[in-house]
Amino acid sequence: MAYLLGSLPTAVWVSRYFFDIDIREYGSGNAGATNTFRILGKKWGTFVMVGDMLKGLIAVKLVWLLPYYYDPGHDLARTSLQIGLGLAAVLGHIYPIWADFRGGKGVATLFGLVLGISPWSALGCSCVFLLVLYLTRFVSLSSILASAAFPIFILVIFNIDNHPYRIFAVGVALLVILTHQKNIGRLLKGSESKVPILKHRDRRRQKRLSTK
């Protein structure tokens, strides 16, 4: 169920039904929120991002369909299963059965997973993401740094005493960095695309610099 939920191709459906295109044929070729921001704008990019987050959030809540996990004594087993359910949704997002197994990178769905298990950690990662996005307008860089901050929140700041979740936090950071190798290369070359938000601020900044 979690995999099928994660396979719902939000970006593909939006691009097909509202713009009569396949988002995977444009930009980076990914069916995710970042590429939707670039190609379809902030309104539809935000819509896709929220939809992809909800896939991860709802997936971890599927654990409550099993009465065994209602018992507080089964907290460790419940968290382990939630991680598995969330990762199944992420796998579905990356390889969606409903869209020829060509999806996105799963960052928003991963965030939904974290939000469902550890809301305060998710809030901290959100602050890192939004701050970097505000300063740079690079969604890829924002995602990388927010995911790198995740194990810091789990292991250091909140010191969550749950070994599966601690291992998962480190794994998430490594996974996001691994799946963003091309973005990292473009960032280093200065060729990474910025999302169409805060463009007016950057134009004003460039105009001020050009007049000096």
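The values are calculated or read from the model by the stated rules, or taken from the named source; none is laboratory data. Computed from a predicted structure; not experimentally measured. Cβ coordinates were reconstructed from backbone atoms using ideal geometry, including for glycine residues, and neighbour counts include every protein chain displayed. These accessible areas exclude ligands, DNA and RNA; they are computed on the full protein's heavy atoms, side chains included. Shrake-Rupley method; radii C 1.70, N 1.55, O 1.52, S 1.80 Å.
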**Study point:** Filter result for Ile117 (touching a Gly at 6+ places or on another chain (Cβ under 8 Å) and within 30 Å of Glu25 (Cβ to Cβ))
**Key:** no
Check your understanding: Is it true that some residue in region 142-159 is over 29 Å from Lys182 (Cβ atoms), in contact (Cβ under 8 Å) with a residue 40 or more places away in the chain and not β-branched (Val, Ile, Thr)?
Key -> yes
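A quick yes/no check of all residues on (1) of a type in the set (Phe, Trp, Tyr); (2) within 19 Å of Gly27 (Cα to Cα); (3) open to solvent by 50 Å² or more (accessible area, probe 1.4 Å); (4) modelled with pLDDT under 85:
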residue: Val132; (1), (2), (3), (4): no, no, no, no
residue: Ser142; (1), (2), (3), (4): no, yes, no, no
residue: Ala146; (1), (2), (3), (4): no, no, no, no
residue: Ile152; (1), (2), (3), (4): no, no, yes, no
residue: Val156; (1), (2), (3), (4): no, no, yes, no
residue: Leu174; (1), (2), (3), (4): no, no, yes, no
residue: Leu178; (1), (2), (3), (4): no, no, yes, no
residue: Lys207; (1), (2), (3), (4): no, no, yes, yes
Practice item. Please work out which one of (1) more than 23 Å from Pro119 (Cα to Cα); (2) surrounded by 16 or more Cβ atoms within 10 Å (Cβ to Cβ); (3) free of Cβ contacts under 8 Å to residues at least 40 places away in the same chain is the condition Leu81 fails and give its number. Key: (1)
**Study point:** Conditions (1) closer than 23 Å to Ile58 by Cα; (2) open to solvent by less than 60 Å² (accessible area, probe 1.4 Å); number of the one not met by Ile167
**Key:** (2)
Check your understanding: Looking at region 84-99, which of its residues are surrounded by fewer than 20 Cβ atoms within 10 Å (Cβ to Cβ) and over 26 Å from Glu25 (Cα atoms)?
Key -> Gly84
Exercise for review: Go through (1) in contact with a Phe, Trp or Tyr (Cβ under 9 Å, 6 or more places away or on another chain); (2) closer than 16 Å to Val107 by Cβ one by one and return the number of the condition Ser7 breaks.
Suggested key: (2)
Check your understanding: Taking region 27-69 only, how many residues are within 15 Å of the chain's Cα centre (by Cα), within 21 Å of Leu5 (Cβ to Cβ) and among the aromatic types (Phe, Trp, Tyr)?
Key -> 1
Check your understanding: For Gly73, all conditions in the list (1) over 25 Å from Val12 (Cβ atoms); (2) surrounded by fewer than 17 Cβ atoms within 10 Å (Cβ to Cβ); (3) modelled with pLDDT of 90 or more hold save one; what is the number of the exception?
Key -> (3)
